[in-house]
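One structure is given here, and the rest of the page talks about it.
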Amino acid sequence: MHTFKTRATKLTGTDYKEVYKKSFSFYKSIKSRTKRRPYVRSAYFNKEKIFLELFWYHVRSKTNHRDKLRRLKYFRCAIELIEKSKDKPISGKKPFKKSEHFYRFAGITQEGDLFYVQIKEDKGTGNKWLMSVFPVSK
């Protein structure tokens, strides 16, 4: 699997509220571009829309603030990876949900940290959703 090197740096900060503010303001700038569901266009999927709302539900559902913090730090890098990467991801299906297909893209931040971006495709509608962003544990 290929890894995409981002120009964006991961967000700095050690406090969850501080990092959340930075990442959510970046999200709001994307959200302000449309009146409907916020999205970015993917280079790998031939400029198809990748919707972002599901990621925020996923982050808010986590109970551990450390886990939320480490995911939010990579949000800006994840958006750049989705918009610019044409590298082939790891893909697969869940055996109990045949209507969904998952793609996992790998990226490296400017600092050299490896992270993954997971996208879910709904086979019925064809919509693609940003599910999760997470760094590789060291």
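Has the stretch 25-40 got any residue that is part of a loop (DSSP other than H, G, I, E, B) and surrounded by 12 or more Cβ atoms within 10 Å (Cβ to Cβ)?
Taking every residue of the stretch 25-40 in turn, at least one turns out to be part of a loop (DSSP other than H, G, I, E, B) and surrounded by 12 or more Cβ atoms within 10 Å (Cβ to Cβ).
Residue by residue, here is whether (1) in contact with a Cys (Cβ under 8 Å, 6 or more places away or on another chain); (2) polar (S, T, N, Q) holds:
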| site | (1), (2) |
| --- | --- |
| Leu52 | no, no |
| Cys77 | no, no |
| Lys94 | no, no |
| His101 | no, no |
| Thr109 | yes, yes |
| Lys123 | no, no |
| Ser132 | no, yes |
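Taking the options Lys10, Lys62, Lys47, name whichever one is surrounded by 17 or more Cβ atoms within 10 Å (Cβ to Cβ), touching a Lys or Arg at 6+ places or on another chain (Cβ under 6 Å) and charged (D, E, K, R).
Exactly one of Lys10, Lys62, Lys47 is surrounded by 17 or more Cβ atoms within 10 Å (Cβ to Cβ), touching a Lys or Arg at 6+ places or on another chain (Cβ under 6 Å) and charged (D, E, K, R), namely Lys10.
Do you know which residues across the stretch 85-109 are outside any loop (DSSP other than H, G, I, E, B), of a type in the set (Gly, Ala, Ser) and in contact with a Phe, Trp or Tyr (Cβ under 8 Å, 6 or more places away or on another chain)?
Matches in the stretch 85-109: Ser91, Gly92, Ala106, Gly107.
Which of (1) surrounded by 19 or more Cβ atoms within 10 Å (Cβ to Cβ); (2) at pLDDT 95 or above; (3) closer than 18 Å to Gly107 by Cβ is the odd one out, the single condition Arg71 does not satisfy?
It is condition (2) that Arg71 fails.
For the stretch 41-54, give me each residue that is out of contact with any helix residue (DSSP H, G or I) (no Cβ under 8 Å at 6 or more places or on another chain) and not in a loop (DSSP other than H, G, I, E, B).
Within the stretch 41-54, Glu48, Lys49, Phe51, Glu53, Leu54 meet the criteria.
Taking the stretch 109-136 as the region of interest, how many residues are among the aromatic types (Phe, Trp, Tyr) and more than 18 Å from Ala8 (Cβ to Cβ)?
So the answer is 1.
For the stretch 60-79, does any single residue satisfy the condition of being outside any loop (DSSP other than H, G, I, E, B), within 17 Å of Asn127 (Cα to Cα) and among the hydroxyl-bearing types (Ser, Thr, Tyr)?
no
Across the stretch 110-126, which residue is surrounded by the fewest Cβ atoms within 10 Å (Cβ to Cβ) among those that are outside any loop (DSSP other than H, G, I, E, B) and not acidic (Asp, Glu)?
By that ranking, first place goes to Leu114.
Determine, yes or no, whether Phe24 is hydrophobic (A, V, I, L, M, F, W, C) and in contact (Cβ under 8 Å) with a residue 60 or more places away in the chain.
Here the answer is no, as Phe24 does not meet what is asked.
Quick test of your reading of the structure: Leu11 fulfils all but one of (1) touching a residue at least 60 places away in the same chain (Cβ under 8 Å); (2) in contact with a Pro (Cβ under 9 Å, 6 or more places away or on another chain). Name the failing condition by number.
(2)
The values are calculated or read from the model by the stated rules, or taken from the named source; none is laboratory data. This one's a predicted model, so the numbers in the text were calculated from it and none came from an experiment. In this analysis, Cβ positions are derived from the backbone assuming ideal geometry, glycine residues included, and neighbour counts consider all displayed protein chains.
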